[in-house]
1. How many nm is it between the label spots at GLN652 and GLN254, if each spot is 7 Å from the Cα in line with the beta carbon?
2. Quick one: if you stick a label point 7 Å off each Cα along the C-beta vector at ASP730 and ALA293, how many nm between them?
3. Quick one: if you stick a label point 7 Å off each Cα along the C-beta vector at GLN154 and SER228, how many nm between them?
4. Arranged by the count of other C-beta atoms within 10 angstrom, fewest first, what order do LYS800, LYS570 take?
5. Multiplying the sequence separation of PHE619 and LEU123 by 0.36 nm and subtracting their Cα-Cα distance, what value in nm do you get?
6. Could you line up ARG241, ARG430, ARG255 from fewest to most neighbouring Cβ atoms inside 10 Å?
7. Using a Förster distance of 51 Å, how high is the FRET efficiency between SER377 and THR75, based on the Cβ-Cβ distance and rounded to 0.05?
8. Stretch VAL679-THR766 to full length: gain in nm at 0.36 nm per residue minus the Cα-Cα span?
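Quick note: the coordinates plus some simple rules give every number you see, no bench work behind them. Keep in mind that what you see is a predicted model, and the values were worked out from it rather than measured. FYI the Cβ positions are ideal-geometry reconstructions off the backbone, even for glycines, and counts take in every protein chain you see.
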Amino acid sequence: MRTSHNSWLPTSGRKKIIYSIGICTLALLILVIYHLALPPSTPQTAASGINPTITIEAGFENTYRSGYWTPVRVTIDNNGPAFDGKISVRTFSGSIRQQHIDTISPWSFEQPVTLAQGAEKRLTVYAPHYTGNLLTRGFLATLSNSLGQTISTQSSRQGYEVQPGDTLVGVLSDNEALEPQLAKLTLINQSGSLNVSRLDTRTLPTLETAMENFDVLILDNFATNTLSAQQLTILETWVNRGGILIEVGGLNWQRTLGPLPESLLPVTMQGLNVLPAQTHLLSFNGNTIAPAATDIPPVPPTISTATIHEQSAFSSIQTVFGTTNMPLLVQGHQGAGIICYLAFDLAAPPLNNWGTSSGIWQMLLQRVMGDHLLISSGAQSYDGGPGQILTRGGLINFLAPTISPLSLELIGLIIGYLLFLGPVRLWYLRKHPQARLQSWRIVLCGILVFSLLSYGVAASIKIRAVTNNSVSLIQINQNGTAAHATTYMGVLVPGQGDMNLQLPEASLAEPIDGQYLNRNASNPDNQTSMESTPTTVTYNPHNTDLKLYNDKLWSIDPIISEQDLTLQGKLSGHLTLQNNHVLGTVHNNLPTPLSDAYVLFPHTFIPLGHLAVGQTRTFDVLLKNIMPVSEQTLADQIGRQTGLPGQYFPYQQKKQPQTNQQQHMALLSALSGIGSNYVACEGSCLTHAITSKSTIYVTGGQIPDPNLKNDYDPLLIPGAQATLIAWSDDPLTAVSASTVNQQTPQGQHTSFLQMPLSMEYSGAITIPQDSITGTIIDIASYDAGAILPGAYTLSTGSLKFEIALPGTKRLAIKSLTITVPDLIKHPSGPGSGSSIHNGNIQARLYNWQSKTWEPINFTPADTFTTRQAEKYTGPYSRILIQVGNKSTAQIYFGKPLLSINGNVTP
């Protein structure tokens, strides 16, 4: 009997299969119809009746800085049903020539949003104000629902951009007269009037990175108790990183200064009094007072009374001027910043309508701003990039992934494959001649087996090849309990497509754009050819997510994040200069050991080695008077002390450090400018330009030795008497716990710590000239300018410097020597060049006893020595020196330096 070819299944079986398929098809059809018949979810679609609306306010009263993180404050009103979605912010810009063409940034910064019915929510999204070489026009905020549908959009109105080099002052004050007083100021090298933005509890940033927009913050008649603990901590961190805080007392001092923590107040407040009659309020910079005495208030105002309060949170605290036992202006240095206390309120009656009030503000701001005001308004400026990457370009070398040992697995597999097909197969065929006819089968089986093994090993390596190398620069506040971390990351993902990076802590993060990595660009202004990787940054309460849309295999994404840290434990240090010895104590109470710790001074250092958790290191070292070496940085000196060559940076020879110590020394070189070569600076911007926060100024000026190091070294914290550096063995940030595409990547994480230290003085002391330098307090020249850090030029007028003597204890000075380096006469600093050359520098010292300026004569070594120190140190132990020109020729000079021989008694 013949069987049909399709009778492979009994008839009953075929019927069951057909029946099952029919049932499944019918169920699927019913499911589709039901789904299509469902009404749309009301709160999640743009088509629903009433949708939330948004309004935005960008910057600080619509004022912003290019290249800085800008707060975009978004208010969301939900008059409809409950809403769940996100708010995203992007910058938009237009070409300088074609204003109507808008370009939306490929970077989006987002926050999740959940609103109940009828609710209103205010939130702040921080976005970097960067649009390349296009004209920035504002920010665009977009509200989307959980389905990704756009609900509402709103753009910020055209704001005012603070020009590079201009000063931005933030004001926390309820005095209406304060802003009009400040608006009258005309500071030198500013493109217009002073930029002032009023702040309140809501608009004062809660992140130090956003606070960096401000040069000065004035706290005057304000309810400080409305500020959060986080905002007060951020204020301290901002000061430690170079901010200037002016605190005004007067009648309302309890409201303004009472809630401040001890570490933010250089005085101990007492009560109220009245300003003594005939007090000159413009005399503190050695000014000659006119007979009309226009700086004497017509009605003596109420002032707050206080006493100097020495504490470890400040490097030095000095009374700038005052009356008997009544300081009126006190200045304290904290880290790289300044805190000033003013005992009288210029914006409150009776001084609010006094014509001289603006002049006092101008002198005070000119005093605290100093060198910043000497950067010429005509100097070419460049955006230093996120985290000042253009001055720290060498750090990029630390982010590149090293060759993983996992690749040895694949190499070994390939070698085994070749051995199997060659020597092993031939050996087997010699032993078994009868198998020669089956040789092709051996080859085929070998290819199949090794192909499968190679695929498996390659897949395993690809998964494990995801790396995240990082370098964290952590500046600890002077009180040792809080810090700011700037972290550079290099994330390698072998696969093509989206890269999702989750940082386990809240931070401000962004990719490092390609233009900042193209250090060899022939034209630094030509940035249009550099493409930005589309990126979405999502801020969550306890983490930050970045999604980068890569279109290439094995892409390396450089990323930077900044965050504020509250340290577990404390790092503390105390230094005393006694009988020319530095007596020091450093205590590590952090939760991590520290390696390669050093205490740095200008031109010299003290090695401390390793500090275990809970360990206290004490030392007694003779402080040597070392003359500056023009081409030698502290990084060079430390490297040579460890047996490495100067400017040690093996990456330039396409090599890598072999030990942790070598890696540490290479990092110091990178922070000192090695490995970074920006064309606009014609080399490293640290030695060929002036850097101020996120801006690089190329002055175009020339001095005989462009590599001269005066008081500036990149490893030192400016303004600090000493700087402690070290590496933490365990990360202080959670960057090592970050994930990439939900995997924990491998990688090396380096944490470099930097902390300011204060110094006291006791016994017989000989303070070397590189320990105490002058600071600019007054500018009386239309062409004076800063050429490099610590190097100046002028042809007319003069500059006034103040040199503050150390400590507040009784200092008996046997002699003091003031040095004003003539950079033409001695091109590499004092003692170099020809002593026959006649310099054109003319200097005068202020005689506090006669209240006159006295000319002084320099020796061939650019020095002036006197044993009549009491005439020139004044009642508050500060020396005023005026530097001018003997002729109309242009002069070049360095900061005045002070050397003291004396004795400090308790």
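1. 6.3
2. Distance between the two pseudo-spin positions: 6.6 nm.
3. Placing both labels 7 Å beyond Cα along the Cβ direction yields 2.1 nm.
4. Numbers: LYS800 24, LYS570 14.
Listed from fewest to most nearby Cβ atoms, that is LYS570, LYS800.
5. On the way: separation 496, 0.36 × 496 = 178.56 nm, distance 5.03 nm.
Contour length minus the Cα-Cα distance gives 173.5 nm.
6. Working: ARG241 20, ARG430 9, ARG255 14.
Ranking ARG241, ARG430, ARG255 by Cβ neighbours within 10 Å, fewest first, gives ARG430, ARG255, ARG241.
7. On the way: r = 37 Å, r/R0 = 0.73.
Efficiency at R0 = 51 Å is approximately 0.85.
8. Numbers: separation 87, 0.36 × 87 = 31.32 nm, distance 4.33 nm.
Between VAL679 and THR766, full extension yields an extra 27.0 nm.
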